[in-house]
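Working notes, beginning with the structure itself.
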Amino acid sequence: MKLKIFRNFLFLLFAFPIILEIINSKTFLVLIPGSPFTLGRLLFILIGILGLVKIIKNNNSFSSMSIALLLIFFGPIIGSFFSENIYLSLSRAFGNLILTISAIGFGNYTIKDKKFFFDALFIANLSYWIWYLFTNMFLGMGSGLSYGNLFSNEAVFNHHIVGMNITTSVVYLSNRFFASRNKVLFLLLYFIGILCSLYIESRSNSLALIILLIINLYIYDKKNKTNLIITTSIVVFFVILVVNTFLLTNDAIATRFDFNDKDYIESTTSSRRQVYFIIPQLIFDNFFGRGPIDIMVEISPGQKMLAHNSYLTFLISGGILSFFGIVLLFKSFLGLWRKMGLVISEIDKYKIALVLSSLLFLITIFTIEYLGLVFFIFISIITNIDKNLLNLPSKEYAVK
């Protein structure tokens, strides 16, 4: 037992730069002179290689989600040959593919035997971002200012990044430690996540987390409909109460969440809607993609912007191959979700925590482009949870 604890401690020590870069890739970035990869990414790749060796040694096959993600990130390599800067585009595309392959191996190496790594990661991640939010909004120069004002002054990160880190950590930790032990703490963590999403004025993160909470309640209480109805009603009441309290006491949040203010909604979403109208023709004109460098969308002469949607960005950069990868990814995840639902009572809370936090991540990247190390950590989870659950004997999924 002592030897195992010591080994786990050594692994955490070795993986510490990975955890730091996942939490905040700007503040905790460690560059290596002459290397195209940071220290965190290089260690991630090394652990990934160990996992790939295990896959090959045990004659294991790649999961359908692994194949989907390989297609998504192989597409931009083809697309790079149609880029305005082929060399730079190819180097970026190969770097992302290497990290994707490493993610498959990383998950294989860590998910089954290194639960403590993900526990430490999500505890540290939630703690850091709540402290970040508290210190920026309630202490020092940011005291009294809204998050939107702070962002306009370039004093804080984009609210989607902060929201994604907080909400995915909340979903993981609430399911991992409290779902079957303490319903009050389970719900309290969710409410903390919702409060933080309101404070950072993120409509998408708030809505996504509320949806995940309802899904969470359903999968645990679906056999006891009375308990499900009572619990859901209480939760919905408190969510409405909390949201209304914030709307009545905070002008910035009230403005952000006022769906009756058509002028405000028009001013904050018009450019994004322009992108959505332009992208279909852009994808059609770039059948094989145009690489990971040329991903900006021109909405008017001289004015370009990102799609604010990772899946659309994958299509722009990887074309038809990435399209097939995205379709296979969602098909595989829906299959995983269906099969997991049939045997939910037999699956330990650790795997449920990984699946639900990954689901929230996949929803969140509909609103943001993000290829930080946190993205590849979730790839490592998705590709291996798929394999661990879907490869169970079919009789375990039999519908009774």
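What a 1.4 Å probe finds exposed on the chain is 67% carbon and sulfur by accessible area, rounded to a whole percent. Across the chain, the longest piece that holds none of the GluC sites (Glu not before Pro) lying in DSSP loops with up to 13 other C-beta atoms within 10 Å covers 155-400. GNM, the chain, Cα, under 10 Å: largest mean-square fluctuation among 45, 55, 230? Top of the fluctuation ranking is 230.
Simple point charges give the picture: +1 on the Cβ of Lys and Arg, -1 on the Cβ of Asp and Glu, and for the stretch 1-86 a dipole about the Cα centre of about 540 debye.
Between residue 211 and residue 227, residue separation times 0.36 nm minus the direct Cα-Cα distance comes to 3.9 nm.
For the stretch 35-160, the ratio of Cα radius of gyration to the globular rule of thumb 2.2 N^0.38 Å stands at 1.42. Sorted largest first by accessible area at a 1.4 angstrom probe radius, with every protein chain in place, the residues 176, 338, 272 fall in the order 338, 272, 176. The mean accessible area for residues of the chain, using a 1.4 Å probe and ignoring ligands and nucleic acids, is 49 Å² per residue. The simple spin-label model puts a point 7 Å past each Cα toward its Cβ; for residue 42 and residue 276 those points are separated by 4.3 nm. Computed about the Cα centre, the dipole magnitude for the chain is approximately 1760 debye when only Lys and Arg (+1) and Asp and Glu (-1) carry charge, each at its Cβ.
Model label points for residue 6 and residue 153, set 7 angstrom from Cα along the Cα-to-Cβ axis, are 5.2 nm apart. In a simple Cβ point-charge model (Lys, Arg +1; Asp, Glu -1; nothing else charged), the stretch 21-150 has a dipole of about 300 debye relative to its Cα centre. Quick one: which of 112/351; 26/112; 4/351; 114/331; 26/114; 4/114 span more than 19 angstrom between C-alpha atoms? Those over the limit are 26/112; 4/351; 114/331; 26/114.
The values are calculated or read from the model by the stated rules, or taken from the named source; none is laboratory data. Not measured: the values here are computed from a predicted model. Every residue, glycine among them, receives a Cβ derived from its backbone with ideal geometry; neighbour counts consider all protein chains shown. Quick note on the areas: whole protein, heavy atoms, side chains included, nothing else; ligands and nucleic acids left out. Shrake-Rupley method; radii C 1.70, N 1.55, O 1.52, S 1.80 Å.
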